[in-house]
Structure formats: C-alpha cells, structure tokens
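Below is one structure; the comments refer to it alone.
What follows is calculated from the coordinates using simple rules that are stated; it is not laboratory data. Quantities reported herein were computed from a predicted structural model and do not represent experimental measurements. Cβ coordinates were reconstructed from backbone atoms using ideal geometry, including for glycine residues, and neighbour counts include every protein chain displayed.
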C-alpha cells in the first residue's frame, strides 16, 4: 500500500510540476515580450513619394511666357503709345485665360496627390495599429494562460499530496497506526484500533462500561501504534463482531460497536 501510494504521489506530482514549469515559461516569455513591445511607426508607403507630372502644364506656361517676351520685343521696336497699349491688352487677354486654366490644372493634380497620400497613410496606420493590438492581445492571453497553468498546477499538486496522504493514512489506520483517530475523523470511518493484549504493557483495570465491558489503561509496546497512556479494551474480552484479525496477526477492535471510548489519557 505504501509503495502504491508513493508511486501515485510521484506520478501526480511530476505532472503538476511539469505544468507549473510550462506555465511559468509561457507567462515569463509573454511578460518579457510585453515589457519590450513598442508600437510600430508607419513605414514609408508608395504614396509618400507620389508626385504629379506637371510637365505638360509647365511646357505650356513656358511657351506663353516666350510669346509674351516676343510681343514685348515687337512693341519695343516702335509705335505709338496707343497701339502698344492695345497690343499688350490683347496679349494679356489671350494668354491670361490659358494661364489661369493651366495653374488650376496644376493645383488640382497636387491636391489629388495629397489626398492619395493622406488616404494611404490612414489605411496603413489602421492596419499597423490592428496588427499591434492583435500582438498585444495575444501576449496578454499567453500571460493569462501561463498564470492559470501555474495556479492549476499548484492546486493539482495539493490534491495529489492530499490524496497520497489520505492513502497513507488509510493504510496506517487499517494497521492500527492512527492513535489520534485523525483518519477516522476526516473519512467518517469506524475506528479500528490495535487492541490485542500482546501489543500492550502497563495494563491496569480502571473501570467498567454500562454494558459490563472491562476498561483498561495501557501503553503500546511498539510506539508506532502510539505513545503515552491510552484507555480501551482487550480484544479477547469483547464480542467477536467488533474484532478483526489484521494481516500482521494481531487483533483490531471496531470501537463504534462498543460502549467504550478509545482515547489518550
């Protein structure tokens, strides 16, 4: 019985220890990564370097400017003031609308490029934040699971030790090695005590029960059954239905069937 109890305790305890180690490792790894985690900056996107091609508009504006300069050269060669004013006015009217249209086209293209960059940045920022949040949540879940593994391992280890202890106490009680009656108390089993006359010394008659049984004080020869002076009966003097023969060859008495209390006095 003791060997089986030991084997069961070792096997159960080993499993609990492995779970505790695994939980500790997982929790420590998650905590380290959480402590080191940094929210990522946005990387440069393709739209960040986007620039509209304004070559067509720029070439057209250059051509207009060149035409203005040629017109000014012609006017500088001579002519009355009224004629020169008329020519300048006509030139400005002809080119002003074209310039305004070209500048408007350039502004629109630049504005569209800015909008593309803004939308791209917002989209990438949202994706990056989602990735970061997912990573953090995963690490937090790993930390929680690791701590839970540790807690469960401790609980299971305690249950294993308790079960092993109860198993050993059961073996002790069956052998009559439970002088304080603790196993019987917790397991609510009838107390079976070593009450064979051959196991005792300093035997003294100290009274009788209401049913007429002799009550003795005595000490156990072998201290494994208990130390100190006890009160009880002799197995050879009581009804046989309360007596069992243990495998060690000595009698055990079920005191729940008697009107005598077994106790340390």
Exercise for the section: Evaluate 2.2 N^0.38 Å with N set to the residue count of region 192-264, then give the Cα radius of gyration divided by it. Expected result: 1.00
Handout entry: Two-site label geometry, residue 217 and residue 137: point separation in nm, points 7 Å out along Cα→Cβ
Key = 7.5 nm
Handout entry: Sequence ranges 195-208, 242-255, ranked by mean other-Cβ count within 10 angstrom, highest first
Key = 242-255, 195-208
